[in-house]
Amino acid sequence: MTDLASPDWDLISSYGGLLALALISIYAGAHGSLSPVKPHRSPEAAATTDDEDEEEEIEDRLSSSDAWFFPVIGSVILFGLYIVVKYIGKEWINWLLQWYFTVAGVGSVGKSLISLTRWTLGTTWWKHFDRHRFVYLKHKQEILSFSWRTPSIFLIPLGALPSILYTFGTNITRRSALLTDILALSFSHNALSLLKLDSFKTGCILLSGLFVYDIWWVFGTEVMVKVATNLDVPIKLLWTKSLTFNTERGFTMLGLGDVVIPGLFVSLALRYDHHRSSQKSTDGKFDKPYFFAALLGYTVGLGTTMFVMHTFKAAQPALLYLSPACILSFLLTAVARGELQDAWTWSDEPQSPNTTESHEPVKNGDAKAASETAEMNGNRLTASDTLAGPEKDSQLSDAGSQGEGHEKKRRTRKKKIQQS
């Protein structure tokens, strides 16, 4: 006689596989969102350093006003897709989206491979490779520029393979679960690396708004379910309902939004940990209490989603459980550490690539030399801008001779500093 109460290990393993994929994606994306720590360098060394990191633009952050509009924009897009699928047909929208994600997948997987290779080799080894740079100029003005290291020449074409096989491959590879997961993981990694919340206040607004959004569109209407089951695009994670990866029972599925949206909050927690430690030390290692608390909250939230789904045999809106779990993980950690006020008011402001913070004290000699050099340059500018005619020529000559004297003194002082 069969024991009806025996656990379905095939299905349980499928839940575990999905949870592992989601956690790996969030962990990698969160660390990818950290701005690289640039060591303190003298102006002369900074001017001669050949590093593509110095060319990064100032990153934008999602503010609270952006977070308020997320559920509205998401609802408009979702309902628009529902109208198209129901009254026009899913074929042409699937065709259009498949081409879009094919092209996007080439760049996404390629970028993830470059990040993975750089992390594996380490920054020092990575910079041993030759750097190539492309610059497009128009009327001597830079319009477009980008740079790459030698391994990228091979990694980007390699990153195109999953998209090509997913869209144009044989029956074995087309729409396969493995390729779907590769593309979805790369989309998630890059989204978490590039999209950044500016504060925990913004994160709580975003999760709360999408909490209501998910409940309404899943339980209140058929819109979410119909769109999700009719769109055939790689924006979901799949895992077979089998310990032996047999596909006869089908797959369990987790939408990419249930990874990226909470993942943005987890990434913010990691950046806050990094901010806290950067005020105390500069060795690159730091404690991560908020990050691990948020990651634990995500695990509990997704685990609860799977438990309820398994018990009631019905699809669940994951953000119904993930949003409260992530928010509570932050609040409980901040209260327990007595840092709620500081954490709530902290803002993750983007740092200009031209601004380099130093935690090293400035030597008196260096400060004095820099001050005198700036003062000398200011005197020269004033002399050349305010004088005119013969008087300008004579005084410019005097200023030039004085400037040469200052220059000799500065060089002598610099040599003494270097010798010391």
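The values are calculated or read from the model by the stated rules, or taken from the named source; none is laboratory data. What you see is a predicted model; the values in this text were computed from it and never measured. We place every Cβ from the backbone using ideal geometry, glycine too, and count neighbours over all the protein chains shown.
Quick look at the numbers
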| quantity | calculated |
| --- | --- |
| Flag if residue 170 is of a type in the set (Val, Ile, Thr), assigned by TED's automatic domain parsing to the domain that holds residue 14 and under 16 Å from residue 263 (Cβ atoms) | no |
| Sole exception among (1) modelled with pLDDT of 85 or more; (2) of a type in the set (Val, Ile, Thr); (3) surrounded by 11 or more Cβ atoms within 10 Å (Cβ to Cβ) for residue 123, by number | (1) |
| From the options 76, 37, residue that is more than 29 Å from residue 245 (Cα to Cα), modelled with pLDDT under 90 and not acidic (Asp, Glu) | 37 |
| In the stretch 332-349, the residues that are within 23 Å of the chain's Cα centre (by Cα) and either within 17 Å of residue 291 (Cβ to Cβ) or in a helix (DSSP H, G or I) (or both) | 343, 344, 345, 346, 348 |
| In the stretch 147-169, the residues that are surrounded by fewer than 17 Cβ atoms within 10 Å (Cβ to Cβ), of a type outside the set (S, T, N, Q) and in contact (Cβ under 8 Å) with a residue 60 or more places away in the chain | 164 |
| The stretch 113-128, subset within 18 Å of the chain's Cα centre (by Cα) and of a type outside the set (Val, Ile, Thr), residue nearest to residue 154 (Cα to Cα) | 113 |
| Those residues of the stretch 220-232 which are among the aliphatic types (A, V, I, L, M) and surrounded by fewer than 19 Cβ atoms within 10 Å (Cβ to Cβ), in sequence order | 225, 228, 231 |
| Residue that is more than 20 Å from the chain's Cα centre (by Cα) and either surrounded by 11 or more Cβ atoms within 10 Å (Cβ to Cβ) or of a type outside the set (Gly, Ala, Ser) (or both), where the choices are 105, 80, 110 | 80 |
| The stretch 62-87 residues that are under 25 Å from residue 323 (Cα atoms), paired with ones that are not in a helix (DSSP H, G or I) (beta carbon under 7 Å, 6 or more apart) | 62/195; 62/196; 62/197; 62/198; 63/198 |
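This table checks each residue for (1) of a type in the set (Ser, Thr, Tyr); (2) closer than 24 Å to residue 336 by Cα; (3) in the same structural domain as residue 199 (by TED's automatic domain parsing); (4) more than 15 Å from the chain's Cα centre (by Cα).
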position: 254; (1), (2), (3), (4): no, no, yes, yes
position: 258; (1), (2), (3), (4): no, no, yes, yes
position: 265; (1), (2), (3), (4): no, yes, yes, no
position: 268; (1), (2), (3), (4): no, yes, yes, no
position: 278; (1), (2), (3), (4): yes, yes, yes, yes
position: 288; (1), (2), (3), (4): no, yes, yes, yes
position: 300; (1), (2), (3), (4): no, yes, yes, yes
position: 310; (1), (2), (3), (4): no, no, yes, yes
